[in-house]
Every structure is written in structure tokens, then in C-alpha cells.
Amino acid sequence: MDLDGPLKNALIKEYFRDGKLSNIGKYNDGKKTGEWKYYLSNGQLKAMGKFIKGQMTGLWKWYRENGVLLQEGKFKENKKSGLWKRYHPNGSLYDVGTYQMDKKTGEWKIFDVNGALSRKKVY
């Protein structure tokens, strides 16, 4: 969403219907900029990362309802790029690999819930 008018350069807070914070971040020239945080309806942090001129950039992290890290990875110009990791509900590593221009590339490693390597896949 791009903004016009008086909110074009502002700190924005959006709320769920029950009044709890949904997200918070800044707009500059009508586009998301800097760090943004998104929340679940239970108040837990859902995701956080940075925008430059409205595009996701750098490291982003997503969390489960219980606060355990779900996944983390980098963006470049709104596309998945670089190292990505996903985690089992117990917090152990589920898989790890690299994205290039939003597509999986190279070798990806998949781990079982106890952290043991279960297989590899090449893209």
C-alpha cells in the first residue's frame, strides 16, 4: 500500500478489530521504509524486517504463535535472496538453503525434529 496526503511521511500503527496492535512502521514518500513489525492477534510478534522504498530488503524473521522462530531469510528488492532457514515447532532447524531471485538454488539440507540430517536436495 502506498500512501498519499498527510500520511505520506509518517509512523503508522494499524490495529486488529479488538484494538490490539497489528503492525507498526514508517512511510517515507508514501512507501514503507525502515523496520516494520507485524503482530499476531494474540499479541505475539509475527514478523519483522526492513523496507527500502516499499520493497522488502535484508533479513526478515517470522515467528510462531508461541514465539518460537518459524523462518528467517534475506530479501533483495522484494525477492528472496541468499541464505534461508526454517525451523520445526520445537525450534530445531528444519531446512537450510539459498534463494536467488525468489527461487531455491543449490543444495538444500533437510533435518529431522532431533536435528539429524535426513536428506539433501539440489535445485
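The values are calculated or read from the model by the stated rules, or taken from the named source; none is laboratory data. What you see is a predicted model; the values in this text were computed from it and never measured. Note: ideal-geometry Cβ built from the backbone for every residue, glycine included; neighbour counts use all protein chains shown. Each accessible area value is taken on the protein alone, full model and side chains, heavy atoms only, with ligands, DNA and RNA left out. Shrake-Rupley method; radii C 1.70, N 1.55, O 1.52, S 1.80 Å.
Among residues belonging to the stretch 38-50 that are surrounded by 15 or more Cβ atoms within 10 Å (Cβ to Cβ) and part of a strand (DSSP E or B), point out the one that is farthest from the chain's Cα centre (by Cα).
Going through the qualifying residues, I end up with 39.
Results for (1) out of contact with any Gly (no Cβ under 7 Å at 6 or more places or on another chain); (2) under 25 Å from residue 120 (Cα atoms), shown as yes or no for each residue.
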{"position": "11", "(1), (2)": "yes, no"}
{"position": "38", "(1), (2)": "yes, no"}
{"position": "77", "(1), (2)": "yes, no"}
{"position": "81", "(1), (2)": "yes, yes"}
{"position": "93", "(1), (2)": "no, yes"}
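Evaluate the following for residue 118: is it open to solvent by 60 Å² or more (accessible area, probe 1.4 Å), hydroxyl-bearing (Ser, Thr, Tyr) and over 16 Å from the mean Cα position of the chain (by Cα)?
Considered against the rule, which asks whether it is open to solvent by 60 Å² or more (accessible area, probe 1.4 Å), hydroxyl-bearing (Ser, Thr, Tyr) and over 16 Å from the mean Cα position of the chain (by Cα), residue 118 comes out as yes.
Only residues that are touching a Lys or Arg at 6+ places or on another chain (Cβ under 8 Å) and under 21 Å from residue 33 (Cα atoms): list them for the stretch 64-81, please.
Listed by number, the residues that qualify are 72, 73, 74, 80, 81.
In the stretch 1-30, which residue that is modelled with pLDDT of 90 or more and of a type in the set (Lys, Arg) is most open to solvent (accessible area, probe 1.4 Å)?
Selected residue: 17.
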